[in-house]
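Novice: My questions will all concern the structure given below.
The values are calculated or read from the model by the stated rules, or taken from the named source; none is laboratory data. Everything quoted here is computed from the prediction, not taken from an experiment. Cβ atoms come from the backbone with ideal geometry, glycine included; neighbour counts cover every protein chain shown.
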Amino acid sequence: MNLSGSKSEYVDSILCGDSWTLAETLPADFVQSIVTSPPYFGQRIYASEEELRQWEFGQETTSKEYVEKLVCLFAKLRPCLKENGTLWLNLGDAYREGQLLGVPWRTALALQDDGWLLRSEIIWNKPNAMPSSVRNRPTTSHEHIFLFSKAADYFYNADAIREPHVTFTEQSRMRGGRNHFGKRNGTPESGKNGGSHNLHDGRWDQAFHPLGRNKRTVWDIPVGKFRDAHFAVYPPILVETCVLASTSEEDLILDPFLGSGTTAVVARQHRRRYLGIELVPEYVDMAKTRIGNTQQALL
């Protein structure tokens, strides 16, 4: 990774402080992807009284103020992102006075209005979501992940995150299932694709990518847990998917809400570089320990 002296000091490092302030000090055009999960609006923050006085984000009076702060932060971070770079943003929603606020989508649309290109909405489905005592609505078991790009032409490696084909497996729900595989005229039902002879007379197995099907927009991933943290962490496999899709080896990944260091740990596991920003010193120490253990495991 060839960086000038002013940029190299930020590689594989954690900055302790406020993201909005530190964002203005970062060099331009050196981050390939931002992968982050900010504190959610209205969620409980586990920190000392002194830290809570500093940490106001997520404790705003209104969701509108929360969204505006996030838009401001990513506007400050946009110059440090390469022109073909991406932003992966994981957000959960919140209720106030019996109403779902729609914070993730309010944020996504506000970022879009601010010039970010909204490329995909992903649903993170949690098979092990916490049970709920609510009786007047379904229990929430998902969060949102949004993929933004800085420009229309951005780096995205679809092959790195392909998933297994389903069509010709036991999981297939189409009529005839695997019995169509490798057979001429082996379409699942009459009139498929409006009777296209190219499809009806072709080999279905030859139309499927050998590495698997394109990644879908619903990701079934169990909730993450790190025993030394006093809060839920987003799972490494979720971060891994974003990292592999949006970066190559030696690329730099930024997380402006590093927390216990999951993004940095995954980055190092896949031979990427990281830059984290974290306000709470206790979490900075925690992240450094986790990253150090990861480095040792790679030796």
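Novice: From 81, 117, 109, grab the single residue that is of a type in the set (A, V, I, L, M) and in contact (Cβ under 8 Å) with a residue 60 or more places away in the chain.
Specialist: Exactly one of 81, 117, 109 is of a type in the set (A, V, I, L, M) and in contact (Cβ under 8 Å) with a residue 60 or more places away in the chain, namely 81.
Novice: Follow-up. Scanning the stretch 128-142 for residues that are under 15 Å from residue 98 (Cβ atoms) and of a type outside the set (Gly, Ala, Ser), which turns out surrounded by the most Cβ atoms within 10 Å (Cβ to Cβ)?
Specialist: First pass over the stretch 128-142, keeping only residues under 15 Å from residue 98 (Cβ atoms): 132-138, 140.
With the extra rule that they be of a type outside the set (Gly, Ala, Ser), the set shrinks to 134-138, 140.
Values: 134: 10, 135: 5, 136: 5, 137: 10, 138: 7, 140: 15.
So the residue we want is 140.
Novice: Restricting to the stretch 84-106, what's the tally of residues that are in contact (Cβ under 8 Å) with a residue 40 or more places away in the chain and part of a helix (DSSP H, G or I)?
Specialist: First pass over the stretch 84-106, keeping only residues in contact (Cβ under 8 Å) with a residue 40 or more places away in the chain: 84-94, 96, 101, 103-104, 106.
Keeping just the survivors that are part of a helix (DSSP H, G or I) gives 103-104, 106.
Matching residues across the stretch 84-106 total 3.
Novice: Ok, one more. Taking the stated definitions as given, is residue 132 polar (S, T, N, Q), assigned by TED's automatic domain parsing to the domain that holds residue 238, more than 13 Å from the chain's Cα centre (by Cα) and under 22 Å from residue 235 (Cα atoms)?
Specialist: Against the criterion (polar (S, T, N, Q), assigned by TED's automatic domain parsing to the domain that holds residue 238, more than 13 Å from the chain's Cα centre (by Cα) and under 22 Å from residue 235 (Cα atoms)), residue 132 qualifies.
Novice: Can you name the condition, by its number, that residue 112 falls short on among (1) surrounded by 13 or more Cβ atoms within 10 Å (Cβ to Cβ); (2) part of a loop (DSSP other than H, G, I, E, B); (3) not hydrophobic (A, V, I, L, M, F, W, C)?
Specialist: (2)
Novice: I would also like to ask the following. Do we find a residue being buried (at least 17 other Cβ atoms within 10 Å of the Cβ), modelled with pLDDT of 95 or more, among the small types (Gly, Ala, Ser) and in the same structural domain as residue 130 (by TED's automatic domain parsing) anywhere in the stretch 222-235?
Specialist: No, there is no match, as no residue in the stretch 222-235 is buried (at least 17 other Cβ atoms within 10 Å of the Cβ), modelled with pLDDT of 95 or more, among the small types (Gly, Ala, Ser) and in the same structural domain as residue 130 (by TED's automatic domain parsing).
Novice: Let me ask you something else. When both residues are 6+ apart or on different chains and their Cβ atoms are under 6 Å apart, which pairs have a first residue that lies in the stretch 136-162 and is within 20 Å of residue 241 (Cα to Cα), and a second that is assigned to a strand (DSSP E or B) and of a type in the set (Ser, Thr, Tyr)?
Specialist: 147/120; 149/86; 154/86
Novice: Continuing with this model, one more query. How about the stretch 115-127: which of its residues are over 15 Å from the mean Cα position of the chain (by Cα), surrounded by 15 or more Cβ atoms within 10 Å (Cβ to Cβ) and in a loop (DSSP other than H, G, I, E, B)?
Specialist: Of everything in the stretch 115-127, just one residue is over 15 Å from the mean Cα position of the chain (by Cα), surrounded by 15 or more Cβ atoms within 10 Å (Cβ to Cβ) and in a loop (DSSP other than H, G, I, E, B), namely 116.
Novice: So residue 86 clears everything in (1) modelled with pLDDT of 95 or more; (2) closer than 18 Å to residue 61 by Cα except one condition, right? Which one?
Specialist: The one condition residue 86 does not meet is (2).
Novice: Checking the conditions here, which among 123, 145 is among the hydrophobic types (A, V, I, L, M, F, W, C) and either in contact with a His (Cβ under 7 Å, 6 or more places away or on another chain) or modelled with pLDDT under 95 (or both)?
Specialist: Result of the check over 123, 145: 123.
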